[in-house]
Every structure is written in C-alpha cells, then in structure tokens.
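First comes the structure, then the notes that go with it.
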Amino acid sequence: MSSAPATKRVAVIGGGILGVSTAVHLLREGASVILLTERGLASEASGRSLSWLNSAGERSTPYHQLRVAGVDRYRTLFASDPSREWLQFGGGLMWNAEGQRDTTEARHAYEKSIGYDSKLVAPAAIATVTPGIDADAVPENAIFNPGEGWVSLPDLIDFLMEEFHARGGELVLNAGKASVMVDDGRTTGVETSAGGTYPADAVLVACGAATPAVVEPLGVRIPNGSPVSMLVVTKQVQHDVAAVMNTPRAAVRPNPGGTFALDHDWYEERITEHADGSFSIPDEVVQELADEASKLIAGNPELKPATWKIGYKPIPGDGEPVLGELGQVPGCFVAFTHSGATLGLIAGELLAGEILTGRRHPMLATFRPGRFS
Ligand SMILES: Cc1cc2nc3c(=O)[nH]c(=O)nc-3n(C[C@H](O)[C@H](O)[C@H](O)COP(=O)(O)OP(=O)(O)OC[C@H]3O[C@@H](n4cnc5c(N)ncnc54)[C@H](O)[C@@H]3O)c2cc1C
C-alpha cells in the first residue's frame, strides 16, 4: 500500500525578489508556503534597484552561466507579454572614461570570446544600434549588448504576488524581525519578534543585506560586503531611450511611466547613516546625478528627481552568490546575492527545487554557504 507524500510546509523570510520568487516557485511545485517579511514587500533593495538584466564583463564561469540562465527566464516571461511596461529588452550600452579605449576593447574581446552578444561601436554609430542617446557624451567607443534588458522589481513582485495569492500562499506583512527556530540541530520553523511562531519543514532566509545577521545566531558566518547605495527615480520626461546605460558618472535605465531610474557609486561617501538606521544625502548630490544622466540623453532634457531611496545593496563578502542549504542547520536555506534582479527568477526556481526534492542543482555547486565554514 502506498500513501501520498505529505505536503511540505516552507516558511520564507524576506519580501524582496528572492523571497517572493522562491515562494511562488515552491507553490507551483505544490508546497504549502508562508512568506513573512519585516515590513512591506519590496521595502529594501528590491524597491530601489537599477535592475539591469545582464552578464556583461568578466566573472567566474559558474556565475556567468547562472546569470545567463537568469536573463533567459526573464526572456521567457517577456515573450509571454512583450507589452509589459516593467520588463523590457532594449539592450545595454556601456562606455568608460576618456583614455580607456583599450579597456573597453578588452572587455568587448572578452565578451566575444565567451559568446556574449557584444558590439563595439564608435560614437557616430550608436544611433544605428539604439535610439535616444547623446553620442557627444561618448568619448571614444562604447559596447552595445543587444541581449540585455531591465525590470522594475516592485512591479515584478506585484505580478508574482498575484500568483502567490491565487495558489494559496500565506503572507505575513509587518512581521518585525523574524528568526529561524531550531530544535535538536534541525530547522523547525520561524518565530517573529512579536512572539508569533510558524512551524515549517524548511525555512528560506532571503533577507537581503540582513541575511548574514539572521543566520549568525545559528552559528553560521556569511561575510557581508553590502555597501550603501541610492536609486533616484526622475519625474516623467519625453525620451526615446531603450537601453540601460552604464557610464563613468551615471547608470540610467528607462522606468515605467516615462521616468528614468538612476544610480552610481561616486557619491557613496556623501551618504550619512543616522543613529536610527535611516540615511540622508544632500539634495544637490541627487540633482548632480540627474544632471550627469541628462548629458547622456539626446536633447539633454532637464531631469528632475522625483524620489530617491537609500539603503544597503546586498553583496556577499566574496562577491559571489550564496545560495543553498546551511550544512550546520539542515532544513535552513539562504539566498543572498549581488545582482539579485538578474538572478531573481532562476535562483527562486533552483532553490525551490532543492528545498522540495533535496537534490542539489549542479548550477549552484560553487555558491553553497558552506564555502565560508
Ligand atoms: C542601487 C541598486 C542597484 C542595483 N542594480 C542591480 C542591477 O543593475 N542588476 C541586478 O541584477 N541587481 C541589481 N541590484 C541588486 C538587486 O536589486 C538585489 O540583489 C535584490 O533586489 C535583492 O533582493 P533580495 O530579495 O535578496 O533582498 P531585499 O530586496 O533587500 O529584500 C529583503 C527583505 O527581507 C526583509 N527582512 C530583512 N531581515 C528580516 C528579518 N529578520 N525578518 C523579516 N524580514 C526581514 C526586508 O525587510 C526585505 O523585505 C541593485 C541593488 C541596488 C540597491
């Protein structure tokens, strides 16, 4: 006589893209899922991300492969409805500062060598590959990567949450700081600072930059290299830009509603962290970033910052993703990574598979948290 396997109950801590994506993939595979998050959904990095979908430049081969698979999953989603304003594949355009022609050429040669779609373009030829750019801003040469795109993560999270609810997922907002419960060395569920307890067969910690702090009480050390960063969203402006731009003084992408999203790192030391954990930056620095972005856009339209959000950008200490089960605490999994926008869909898919089947996916082999033990 055989009996049907019991439904696995999984608790996910963290309402950013990694938590939400994994939760939805778990539900698709028939798990019972509860998602708990400290405040609202997309309240941290996923709510203030440039979200350039790419594997440009040079990195480890496994990381490149995972990112390419990440972009692939977005392409599948894109193909299901190319009219979505929050997910677009207009390519990526990058250039370096004057005097770095060789560096740009070397990056292009590397990208070609691994089969990554990469075109080296002179300023005068940029209009032939992508619209809306001020070619005068490009000092020497640029790289256009036609296969890249961007996503607005808050919109993607809303989209995934519709499926989450339709499939019967349970959501706990404003849970406060949740932690992993362990009994006899095995994960037993989640408890919140408000005293709520949620028994589960497995727990995923997807707390962004807070992930190392959440697993530390379990005796697990994950180095944290998360810097403070800022994302600016402009007011609506008329433009034809389709590509994500990565340039020496501004990174720029189109954003829903005819706005732009902007970021960079040159102003990091102008950000102040206050005793209550909030951040601030002088208004003139925000405007300076908008002015730098304006120089890149055909016609140099005046860009007016509408909102700017500051906080930690999740980056593990060694720069590589940390994905998988904790060796010290069976049943407890982590998802902590740089480029979590690019990896959001694929990481959720692979982690859900591991959580439910216990089978380790080969693409995650080098990203296990155990490498720090
Ligand atoms: C400025 C900026 C630019 C970026 N650019 C790109 C890019 O171009 N391409 C790219 O691929 N990626 C980019 N990223 C990275 C990407 O946005 C992040 O990796 C991704 O959003 C992280 O998602 P997450 O779910 O891991 O974490 P988060 O979005 O930070 O979510 C973590 C969640 O966990 C909750 N939480 C934390 N601790 C607890 C606790 N103890 N209990 C309960 N809940 C808790 C938080 O409240 C939050 O809701 C960028 C990020 C930033 C900030």
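The values are calculated or read from the model by the stated rules, or taken from the named source; none is laboratory data. Just so we're clear, the structure is a prediction, and the values are computed from it rather than from any experiment. With ideal geometry, Cβ positions are generated from the backbone for all residues, glycine too; neighbour counts draw on all protein chains shown. Please note that ligands, DNA and RNA were not included when accessible areas were found on the heavy atoms of the full protein model with its side chains. Shrake-Rupley method; radii C 1.70, N 1.55, O 1.52, S 1.80 Å.
Does the range 14-40 hold any residues that are more than 22 Å from Val228 (Cβ to Cβ) and either of a type in the set (Gly, Ala, Ser) or open to solvent by 10 Å² or more (accessible area, probe 1.4 Å) (or both), and which are they? Let's see the steps before the verdict.
First, the residues of the range 14-40 that are more than 22 Å from Val228 (Cβ to Cβ): 20-36.
Ser21, Ala23, His25, Leu27, Arg28, Glu29, Gly30, Ala31, Ser32, listed by residue number.
Filter the range 117-148 for residues that are assigned to a loop (DSSP other than H, G, I, E, B) and of a type in the set (D, E, K, R); which is nearest to Glu58 (Cα to Cα)?
Within the range 117-148, the subset assigned to a loop (DSSP other than H, G, I, E, B) is 117-118, 122, 130-132, 134, 138-141, 146-148.
With the extra rule that they be of a type in the set (D, E, K, R), the set shrinks to 117, 134, 140, 148.
Numbers: Asp117: 13, Asp134: 27, Glu140: 21, Glu148: 15 Å.
By that ranking, first place goes to Asp117.
Just need a number here: residues in the range 41-75 that are closer than 18 Å to Gly348 by Cα and surrounded by fewer than 18 Cβ atoms within 10 Å (Cβ to Cβ).
6
Out of the residues in the range 339-355 that are more than 14 Å from the ligand (Cβ to nearest atom) and closer than 24 Å to Gly149 by Cα, state the one that is least open to solvent (accessible area, probe 1.4 Å).
Looking at residues that are more than 14 Å from the ligand (Cβ to nearest atom) and closer than 24 Å to Gly149 by Cα, I get Leu350.
If Arg59 meets every condition in (1) outside any helix (DSSP H, G or I); (2) within 18 Å of Pro321 (Cα to Cα); (3) near the ligand (Cβ under 10 Å from one of its atoms) apart from one, which number is that one?
Failing condition for Arg59: (3).
I need the full set of residues from the range 253-275 which are under 16 Å from Glu302 (Cα atoms) and within 11 Å of the ligand (Cβ to nearest atom), in order please.
Within the range 253-275, Arg253, Ala261, Leu262 qualify.
So, in the range 314-343, how many residues would count as being more than 14 Å from the chain's Cα centre (by Cα) and either in a loop (DSSP other than H, G, I, E, B) or farther than 20 Å from Ile13 by Cβ (or both)?
Qualifying residue count, the range 314-343: 8.
Going by the conditions given, is Val286 open to solvent by less than 30 Å² (accessible area, probe 1.4 Å), more than 24 Å from the chain's Cα centre (by Cα) and touching a residue at least 24 places away in the same chain (Cβ under 8 Å)? Even if it seems obvious, please write down each step before you answer.
Working: open to solvent by less than 30 Å² (accessible area, probe 1.4 Å): yes; more than 24 Å from the chain's Cα centre (by Cα): no; touching a residue at least 24 places away in the same chain (Cβ under 8 Å): yes.
Taking the combined requirement at face value, the residue does not satisfy it.
Give the range 284-313 a look and list any residue that's more than 15 Å from the ligand (Cβ to nearest atom), part of a strand (DSSP E or B) and in contact with a helix residue (DSSP H, G or I) (Cβ under 9 Å, 6 or more places away or on another chain), or say none.
Result: Ile297, single match.
For the range 160-175, which residues satisfy the criterion of being over 22 Å from the mean Cα position of the chain (by Cα), within 15 Å of the ligand (Cβ to nearest atom) and open to solvent by less than 20 Å² (accessible area, probe 1.4 Å)?
Within the range 160-175, Ala175 is the sole residue that qualifies.
In the range 314-332, which residue that is open to solvent by 10 Å² or more (accessible area, probe 1.4 Å) and within 14 Å of the ligand (Cβ to nearest atom) is farthest from Ala56 (Cα to Cα)?
Our first condition is that a residue be open to solvent by 10 Å² or more (accessible area, probe 1.4 Å); within the range 314-332, this holds for 314-315, 317-320, 325, 327-328, 330.
From what's left, within 14 Å of the ligand (Cβ to nearest atom): 314-315, 319-320.
Details: Pro314: 19, Ile315: 17, Gly319: 15, Glu320: 15 Å.
Checked the range 314-332; the qualifying residue farthest from Ala56 (Cα to Cα) is Pro314.
So, Thr76, is that one free of Cβ contacts under 8 Å to residues at least 40 places away in the same chain and in contact with a helix residue (DSSP H, G or I) (Cβ under 9 Å, 6 or more places away or on another chain) or not?
On the way: free of Cβ contacts under 8 Å to residues at least 40 places away in the same chain: yes; in contact with a helix residue (DSSP H, G or I) (Cβ under 9 Å, 6 or more places away or on another chain): yes.
Yes: the conditions hold for Thr76.
Does the range 221-229 include one or more residues that are open to solvent by less than 60 Å² (accessible area, probe 1.4 Å) and either closer than 26 Å to Asn141 by Cα or among the acidic types (Asp, Glu) (or both)?
no
Identify, from the list Ser80, Ser152, Ser118, Ser113, the residue that is within 16 Å of the ligand (Cβ to nearest atom) and modelled with pLDDT of 95 or more.
Values: Ser80 fails: within 16 Å of the ligand (Cβ to nearest atom); Ser118 fails: within 16 Å of the ligand (Cβ to nearest atom); Ser113 fails: within 16 Å of the ligand (Cβ to nearest atom).
Within the list Ser80, Ser152, Ser118, Ser113, the selection yields Ser152.
For (1) over 24 Å from Ser294 (Cβ atoms); (2) among the aliphatic types (A, V, I, L, M), each residue gets a yes or a no:
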position: Asp72; (1), (2): yes, no
position: Trp86; (1), (2): no, no
position: Gly91; (1), (2): no, no
position: His108; (1), (2): yes, no
position: Lys119; (1), (2): yes, no
position: Val138; (1), (2): no, yes
position: Ala166; (1), (2): yes, yes
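Go through the range 230-254 and count every residue that is open to solvent by 30 Å² or more (accessible area, probe 1.4 Å) and in contact (Cβ under 8 Å) with a residue 60 or more places away in the chain. Break it down stepwise before answering.
Step one: list which residues in the range 230-254 are open to solvent by 30 Å² or more (accessible area, probe 1.4 Å), which gives 233, 235-236, 238-240, 242, 246, 248-249.
Then keep just the ones that are in contact (Cβ under 8 Å) with a residue 60 or more places away in the chain; that gives 233, 235, 238-240, 242, 246, 248.
Within the range 230-254, residues that are open to solvent by 30 Å² or more (accessible area, probe 1.4 Å) and in contact (Cβ under 8 Å) with a residue 60 or more places away in the chain number 8.
Kindly establish whether Ala109 is without any contact (Cβ under 8 Å) to a residue 24 or more places away in the chain, in a helix (DSSP H, G or I) and touching a helix residue (DSSP H, G or I) at 6+ places or on another chain (Cβ under 7 Å).
Details: without any contact (Cβ under 8 Å) to a residue 24 or more places away in the chain: yes; in a helix (DSSP H, G or I): yes; touching a helix residue (DSSP H, G or I) at 6+ places or on another chain (Cβ under 7 Å): no.
No; evaluated as a whole, the condition is false for this residue.
Output the number of residues of the range 99-129 satisfying the condition of being open to solvent by 70 Å² or more (accessible area, probe 1.4 Å) and touching a Lys or Arg at 6+ places or on another chain (Cβ under 8 Å).
0
Kindly indicate whether any position in the range 199-206 is open to solvent by 60 Å² or more (accessible area, probe 1.4 Å), part of a loop (DSSP other than H, G, I, E, B) and either small (Gly, Ala, Ser) or touching a strand residue (DSSP E or B) at 6+ places or on another chain (Cβ under 9 Å) (or both). Walk me through it before giving the result.
Here is the first cut: in the range 199-206, the ones open to solvent by 60 Å² or more (accessible area, probe 1.4 Å) are 199, 201.
Narrowing the set further to residues that are part of a loop (DSSP other than H, G, I, E, B) leaves 201.
Within this subset, residues satisfying the condition of being either small (Gly, Ala, Ser) or touching a strand residue (DSSP E or B) at 6+ places or on another chain (Cβ under 9 Å) (or both) are 201.
Yes, that holds for at least one residue.
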